[in-house]
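Read the structure below first, then the notes.
The values are calculated or read from the model by the stated rules, or taken from the named source; none is laboratory data. Predicted, not measured: the structure shown is a model, and the values here were computed from it. What goes into the accessible areas is simple: the full protein's heavy atoms, side chains included, and nothing from ligands, DNA or RNA. Shrake-Rupley method; radii C 1.70, N 1.55, O 1.52, S 1.80 Å.
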Amino acid sequence: MTETPLGLSQTPACARALPPLRVAVAGLGAVGLKIVEALDEGLDGCVLTAVSARDKVAAADRLSALTHPVPVVDIGELEPLADLVVECAPAALLPAIVEPFLRAGKTAVVLSSGALLANEGLVATARAHGGQIVVPTGALLGLDAVTAAAEGEIRAVRMVTRKPVRGLVGAPYLVENGIAIEDITDPLRIFHGTPREAAVGFPANLNVAVALSLAGIGPDRTTLEIWADPALERNTHRIEVEADSAIFTMAIENIPTDNPKTGRITALSVLAYLRKLRAPLRVGS
Ligand SMILES: NC(=O)C1=CN([C@@H]2O[C@H](COP(=O)(O)OP(=O)(O)OC[C@H]3O[C@@H](n4cnc5c(N)ncnc54)[C@H](OP(=O)(O)O)[C@@H]3O)[C@@H](O)[C@H]2O)C=CC1
Ligand SMILES: O=C([O-])CC(=O)C(=O)O
């Protein structure tokens, strides 16, 4: 046996090791492509077996550098090819991607978590067939602490999101309410409400608020402010939780990907989750 830096004994590889988990990725944008590339480079316990993209020709080009090429198929064809799907596509596609996996008793990792609120039946489908929907921490932080606090009593969860203007333009809430932010010179509070309302008004911008609400006291009791800030370069989220076990404040400044709405840490959160699935030492819940 060898000693690891943790002082834990490193035993020889287990003769009864589980086969690698077959992973499919639906959507090859800022999140999906990063996950695909990392899986292709090798991630313990997982193997990429299929991807889905809107434009298969463009996808073939994006995937041309993969060492282990995988089929590019329509989202309805993914399920037989994998044990788990990572949904990282536009929110409207959530049920079409996730439902076949849940019906087969498999796992669906959901990035478009805001769309779960309009598709709550997916939870019943998972329950009925032994599947599981996983909402990763994504672009946020501390959902382990929030779920722990929810085992006791949480009195309040407040979130304030500040984003650069380019991370918010085009959101339906702004269009429908005639709120123009393109030329603002000072920070502007553009929304004050609940994650349920934000999931409708900002479907591509505030998945994090819905994820937080599902971890804690739900999409109607969590409060949310959204600010457009022309001086910001990063998507920032500040969260305050008051519970009978603890009072805590968390903040994150997300460096955007090529998609200004999406932080770099989002894909990394999924990779961390996948790595834990077959790891002999698992840190964090
Ligand atoms: N939970 C969280 O913390 C976070 C969640 N998100 C959410 O995750 C999701 C993915 O984000 P991101 O990668 O930045 O988004 P992108 O817009 O960069 O990527 C989405 C991809 O889905 C592809 N797509 C469109 N239609 C289909 C289809 N029919 N079949 C397969 N793929 C399709 C798009 O292709 P094309 O470009 O050709 O149209 C695009 O490549 C979004 O819903 C986003 O809101 C993002 C950040 C954080
Ligand atoms: O919630 C989202 O969809 C994205 C987000 O705020 C971020 O990346 O910081």
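In whole percent, what relative contact order does the range 143-261 give with Cα contacts below 8 Å and a gap of six or more residues? With pairs under 8 Å counted, the relative contact order is 41 percent. Can you send over the carbon and sulfur percentage of the accessible area for the range 150-285, probe radius 1.4 Å, protein chains only? With neighbouring chains kept in place, the figure for the range 150-285 is 51 percent. For the range 143-261, the equivalent ellipsoid derived from the Cα gyration tensor has semi-axes of 26, 15, 12 Å, listed largest first.
Computed 3J(HN,Hα) for the range 38-46, one whole-Hz value per residue from the Karplus formula 6.51 cos²θ - 1.76 cosθ + 1.60 where θ = phi - 60°, is 5, 5, 5, 6, x, 9, 3, x, 10, glycine and proline marked x.
Rolling a 1.4 angstrom probe over the protein heavy atoms with all chains in place gives the range 143-261 an accessible area of 48 Å² per residue. In sequence order, the range 154-162 has phi-based couplings of 9, 8, 7, 10, 10, 10, 10, 10, 10 Hz under the Karplus curve 6.51 cos²θ - 1.76 cosθ + 1.60, θ = phi - 60°, and Gly or Pro positions carry x. Could you give the angle, 0 to 90 degrees to the nearest 10, between helix 94-103's Cα long axis and the longest principal axis of the Cα atoms of the chain? For helix 94-103, the angle is close to 40 degrees.
Database remark: amide H of Thr107 closer than 5 angstrom to the amide H of Val85, Gln132 (H placed geometrically; neighbours at sequence offset of 5 or more, or on other chains; Pro and chain starts carry no H). In order along the range 124-134, the phi-based Karplus estimate (6.51 cos²θ - 1.76 cosθ + 1.60, θ = phi - 60°) of 3J(HN,Hα) comes to 5, 4, 4, 4, 5, 10, x, x, 8, 9, 10 Hz; Gly and Pro are listed as x.
Mean sequence separation of contacting Cα pairs (under 8 Å, at least six apart), scaled by the length of the chain, corresponds to a relative contact order of 18 percent.
Once all protein chains are placed together, Val200 keeps about 110 Å² accessible to a 1.4 angstrom probe. Can you give the % of DSSP beta bridges in the chain that are antiparallel, to the nearest 5? Bridges in the chain are about 50 percent antiparallel. Computed from Cα atoms, the angle from the helix 265-277 axis to the main principal axis of the chain rounds to 40 degrees.
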